[in-house]
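These notes concern the structure reproduced below.
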Amino acid sequence: MVIFPEIAALVTALGMAAAEWRQARRTQRLAALAFGPGRRAARWTTMAPALRVAAATALMWALATLAFLPPKTHEAKKTDPTQLKHVVLVLDVSPSMKLKDAGPNQLQTRAERAATLLQSFFERVPMEQVRLSVIATYTSAKPVVIDTRDVGVVKNILTDLPLSHAFAAGSTDLFSGLAEAARVAQAWPRDSTTVVVVSDGDTVPPSGMPEMPPSVSHTVLIGLGDPRTGQFINGHQSRQDAATLKQVAIRLRGVYHDGNQKHLPSDLLRDITALEAEGTFKKLTRREYALAAMAIGAATLAALPWALHFFGTSRQTRPRISRRTDVTPPADHRPTQPAPAR
């Protein structure tokens with residue numbers, strides 16, 4: 001019976017209004033005794049009757065509403081399959097990612113910094129609405145996991161698996177990873193996929209840029225490693241080639257982010273995942289409104305008597321106790337003489 005709480009609240013409001021009217025008439029007759037010669041209380045007390053009526057009505061509506069609502073069970077949020085977002089991580093696993101020149105203090109390897117950045121990504125994106133895929137790339141590309149919801153599996157791939165051993169030695173072919181990402185995302189709905197490339201940009205080929213399918217709406221290239229000072233590996237100086245990564249991002253109509261110093265900004269995460277944030281008030285149901293009304297109504301009814309007692313009138317109602325000791329006894333007062341001793 002959804003209408004019962006409203007009926008109960010209406011009856012409570014009428015009853016409280018009648019009681020306040022009767023109380024006002026009684027207070028008017030005793031105003032001189034309660035408030036002194038001025039026969040007036042503090043100005044703010046004129047709101048007390050209305051506050052009591054509103055608080056009691058809100059409390060009754062809340063209690064009746066909660067009594068008739070079915071018990072609430074917490075279940076995992078189910079997402080419409082057509083509304084799912086896909087994130088494809090193209091992860092550079094070449095030996096140069098083991099060099100230690102990443103992070104704000106350049107005390108992390110490039111692979112460790114990649115894991116840190118992606119961990120922050122997972123924490124700030126509603127993962128119940130996202131499916132993850134990981135493609136490892138070195139001299140070629142190999143899909144590691146496709147469309148999983150298990151973040152723990154992806155974290156294990158980022159931190160524990162020596163994926164570079166699955167490839168033949170040679171130069172990094174970043175475009176092969178992009179081509180594999182395009183193949184994986186080919187069958188997904190339009191504008192449902194974000195491709196995140198994590199690399200130091202070392203030995204990116206000059207040609208062979210793959211074309212992304214319509215399902216890919218955003219592409220983000222995260223650069224790792226010191227872009228100024230390189231380290232010697234495999235016969236050449238390895239450093240983050242920021243200029244090349246920026247060019248690749250432009251050609252893919254995406255964005256470049258230097259992950260060596262900062263995490264991905266929150267506004268960028270909102271853009272690339274394209275998840276509509278539900279407003280706070282849209283999340284509130286009848287149950288939440290009833291709980292709020294109960295708390296406000298009960299607090300108001302509890303605080304009003306205290307406020308009226310201490311701040312309702314400026315008249316001092318407690319009797320004054322005289323501290324004088326030099327009080328002259330009345331004239332007819334005769335001190336009692338002690339009886340003579342026998």
Provide the FRET efficiency to the nearest 0.05 for the D147-K262 pair, computing r from the beta carbons and using R0 = 25 Å. 0.30
Mind giving me the FRET efficiency for R124 and Q231? R0 is 22 Å, r the Cβ-Cβ distance, nearest 0.05 is fine. 0.10
Order by protection proxy (mean Cβ within 10 Å, highest first), peptides 133-141, 212-220, 43-51: 133-141, 212-220, 43-51
What nm value, rounded to one decimal, do you get for the distance between A168 and E20 when each label is placed 7 Å out toward the C-beta? 8.7
For the T159, R286 Cβ pair and Förster radius 45 Å, calculated FRET efficiency rounded to 0.05 is 0.50
Taking region 91-145 on its own, what percent of its Cα-Cα pair distances exceed 19 Å? 41
Could you give me the radius of gyration and the Dmax of region 81-277, taking only the C-alpha atoms into account and expressing both in angstrom? 15.5, 49
For a quick protection proxy, order the peptides 147-159, 299-311, 187-199, 246-258 by their average other-Cβ count within 10 Å, most packed first. 187-199, 246-258, 147-159, 299-311
Phi-based couplings in Hz for region 170-180 (Karplus 6.51, -1.76, 1.60; Gly and Pro marked x): x, 7, 6, 10, 5, 5, 5, x, 5, 5, 5
Normalised by the number of residues in region 81-277, what is the relative contact order in percent for Cα pairs under 8 Å and 6+ residues apart? 24
Each residue of region 118-123 in turn: what ³J(HN,Hα) in whole Hz from Karplus with 6.51, -1.76, 1.60 and θ = phi - 60°, glycine and Pro shown as x? 6, 4, 5, 4, 5, 6
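Rule-based calculations on the coordinates, nothing more; no lab input. Fair warning: this is a prediction, and the values are worked out from it, not measured in the lab. Here the Cβ is made from the backbone with ideal geometry for all residues, glycine too, and neighbour counts use every protein chain on show.
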